[in-house]
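K.L.:
Below you'll find the structure I mean.
What follows draws every value from the coordinates through simple rules; no lab data is involved. What you see is a predicted model; the values in this text were computed from it and never measured. Virtual Cβ from ideal backbone geometry, glycine too; neighbours counted across all protein chains shown.
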Amino acid sequence: MSQRLGFDRVSKIFEGTGDDADFVAFDDITLEAAPSEFLAVVGPSGCGKSTLLRMAAGLMVPTRGQVVLDGRPVVEPPPGVIYLFQQYAKSLFAWRTVIDNVMFPVESAPRARRGELRAQCRDYLRQVGLGGFEDKYPWQLSGGMQQRVAIARALAADPQVLLLDEPFSAVDALTRMELQTLVLQLWERRKFTAILVTHDVEEAIFLADRIAVLGARPTSLREVIDVGLPRPRDQFATREDPRFLKLRHHITTTLLTGNDGHVASA
Ligand code: ADP
């Protein structure tokens, strides 16, 4: 079961210390991900994408406005809203085996269910291509494999909303494409609501149903774009589709110019 997650007129101000002025990270953002939708948020580094996701996860409260999950304001981390971090290496427990990392979200389940849950977690590892690696430690795996462990652990937590914070930015280009395809396949199977923040325009187009484009500081919502490319998507066919290229041109120009797609003449 997936859930609806929205930002309702959200602003975030970080209070300055000493002589530093207050810092307005966002101003008046209204945006909603429908149940089972894949929403991407793009914007330059430092524009506040992670801050937006932290508020969605209930890890930080907005200064004004509210985050709403299925009609209820988010005031603390809601169960079912799972955060997939960019720094997978830091989010995994180095002293636990791969299977014990994946088991972590279900550890408080009754003892009688442990066998069944362990089998399920082994299956999640197979789904992310890590069958046979259950008894390794994270540090014995490559970066891409570690992020796969983090994805399997997110699946074990039964996400209704999956928040993806630049989850592929620390791996090489080919691994990044493999992980994007993996996340798409899992999303198509499980149909959780997905919110991805990224500075990578192509990644956003490849994955998302809609893309929210954030603008210059204080960050506001510039535009929300329907991607409209057919699914299932393919790393080659989709990226070579003329509609993909047109969207890439439009969004990149918007980000570069701050002018809604119209490049100022030189
Ligand atoms: P992005 O994810 O787009 O790179 P962030 O959300 O990490 O951006 O940060 C947006 C801005 O908010 C940055 O300029 C950052 O320095 C500032 N910021 C983030 N968290 C805090 C905080 N807890 N206190 C003060 N400033 C913060």
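K.L.:
Within 10 Å, Cβ to Cβ, of Leu196, how many net charges do the neighbouring residues add up to if Lys/Arg are +1 and Asp/Glu are -1?
P.N.:
Local net charge: -3.
K.L.:
By how many degrees, 0 to 90 and rounded to 10, does the Cα axis of helix 114-127 deviate from the longest principal axis of the chain?
P.N.:
Its long axis makes an angle of about 50 degrees.
K.L.:
How large is ³J(HN,Hα), in whole Hz, for each residue of the stretch 190-203 in order, when computed from phi with the Karplus curve 6.51 cos²θ - 1.76 cosθ + 1.60 and θ = phi - 60°, using x for Gly and Pro?
P.N.:
The phi angles translate into 9, 6, 6, 7, 10, 10, 10, 10, 7, 9, 9, 4, 5, 4 Hz.
K.L.:
Using the Karplus equation 6.51 cos²θ - 1.76 cosθ + 1.60 (θ = phi - 60°), what ³J(HN,Hα) coupling, rounded to whole Hz, does each residue of the stretch 231-245 give in order, writing x for Gly and Pro?
P.N.:
Residue by residue, the stretch 231-245 yields 10, x, 9, 10, 4, 9, 4, 5, 5, 9, 5, x, 5, 4, 5 Hz.
K.L.:
Students often forget the sequence filter, so: which aspartates and glutamates lie under 17 Å Cα-Cα from Lys49 once same-chain residues fewer than 8 apart are removed?
P.N.:
Asp8, Asp27, Asp28, Glu32, Asp165, Glu166, Asp200, Glu202, Glu203, Glu223
K.L.:
Listed highest first by mean packing, meaning other Cβ atoms within 10 Å per residue, what order do 204-216, 126-138 come in?
P.N.:
So the peptides 204-216, 126-138, ranked by packing, come out 204-216, 126-138.
K.L.:
How many nm separate the modelled label positions at His249 and Ser108, each set 7 Å beyond the Cα in the direction of the Cβ?
P.N.:
5.3 nm
K.L.:
Return the distance in nm (one decimal) between the two label points of a simple spin-label model at Gln185 and Asp28, each offset 7 Å from Cα along Cα→Cβ.
P.N.:
So the two model labels end up 4.5 nm from each other.
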